[in-house]
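The values are calculated or read from the model by the stated rules, or taken from the named source; none is laboratory data. This is a predicted model, so every value here is computed, not measured. Backbone-built Cβ (ideal geometry, glycine too); neighbour counts: all protein chains shown.
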Amino acid sequence: MEIDLPSSLHRDGSEANIPLQITGNQLSSVWHAVCRSSFGTFRMVICGGKMTSALVRALSERSRLPLVDETNIDAFLASTASENALLFFTGDPAKQPEAIDVAVILPELLLFFCGRLRGAVVRHTAEDKLKARFNVIVMPSLVVTRRDKPVGVLGKIRDWSEYVEKVGAWLAPDAPVMMPPSGPKIEITRDGTVIVR
């Protein structure tokens, strides 16, 4: 199995812009990600399956983004100074390396829409419990909310202009909120008594 890594990942931690490919037996190796944004340049050390925690820790520490899960997300959404929030569902960056790119874009979006949204990172352990509530289908995803309801979801990596256009539209006060996905309605009856609806 080969995985193409973004050119900012380097085995030795250098900042040379050399694309790399790794094979499955190298996944437990230590990799370094150099992330550049208007918040500064920072280096993340990524060790195989620990990539998610390194990514989340870097966002939490460098960009001062809170971590939310099923126990505190409602309090976070209720306490937003603006009524809108931007939630980052990272997924597993070892399987979806574009999560690293989205991690660089997230603080830039918060800066671009200065004061109109507040950001948070959803803990990896809570993603499965929260993704249906926020209409997340693919990882990584950024979710724009109005209070506790999703207004829009951008999955995977996108062009900067698409982020600006869509997030800007979703911040409009009259932008409709998303409805939770609903499956087919089934009613099971037995001897005239409804068992499941």
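When you look at residue 90, is it without any contact (Cβ under 8 Å) to a residue 60 or more places away in the chain, surrounded by 23 or more Cβ atoms within 10 Å (Cβ to Cβ) and not acidic (Asp, Glu), yes or no? So residue 90 fits the description; yes.
Screening residue 122 against (1) closer than 17 Å to residue 84 by Cβ; (2) touching a Phe, Trp or Tyr at 6+ places or on another chain (Cβ under 9 Å); (3) surrounded by fewer than 22 Cβ atoms within 10 Å (Cβ to Cβ) leaves a single unmet condition, (3).
Of all residues in region 132-145, how many are crowded, with 20+ Cβ neighbours inside 10 Å and either modelled with pLDDT under 95 or part of a loop (DSSP other than H, G, I, E, B) (or both)?
Keep residues of region 132-145 that are crowded, with 20+ Cβ neighbours inside 10 Å, which gives 134, 136, 139-145.
After this cut, where a residue has to be either modelled with pLDDT under 95 or part of a loop (DSSP other than H, G, I, E, B) (or both) as well, the list is 134, 136, 139-140.
Residues flagged as crowded, with 20+ Cβ neighbours inside 10 Å and either modelled with pLDDT under 95 or part of a loop (DSSP other than H, G, I, E, B) (or both) within region 132-145 amount to 4.
The one condition from (1) closer than 18 Å to residue 177 by Cα; (2) surrounded by fewer than 18 Cβ atoms within 10 Å (Cβ to Cβ); (3) among the hydroxyl-bearing types (Ser, Thr, Tyr) that residue 60 does not meet is (1). Of everything in region 98-123 that is assigned to a loop (DSSP other than H, G, I, E, B) and at pLDDT 90 or above, the residue that is farthest from residue 149 (Cα to Cα) is 114. Condition check for residue 129 on (1) modelled with pLDDT of 95 or more; (2) over 22 Å from residue 57 (Cα atoms); (3) basic (Lys, Arg): one failure, at (2).
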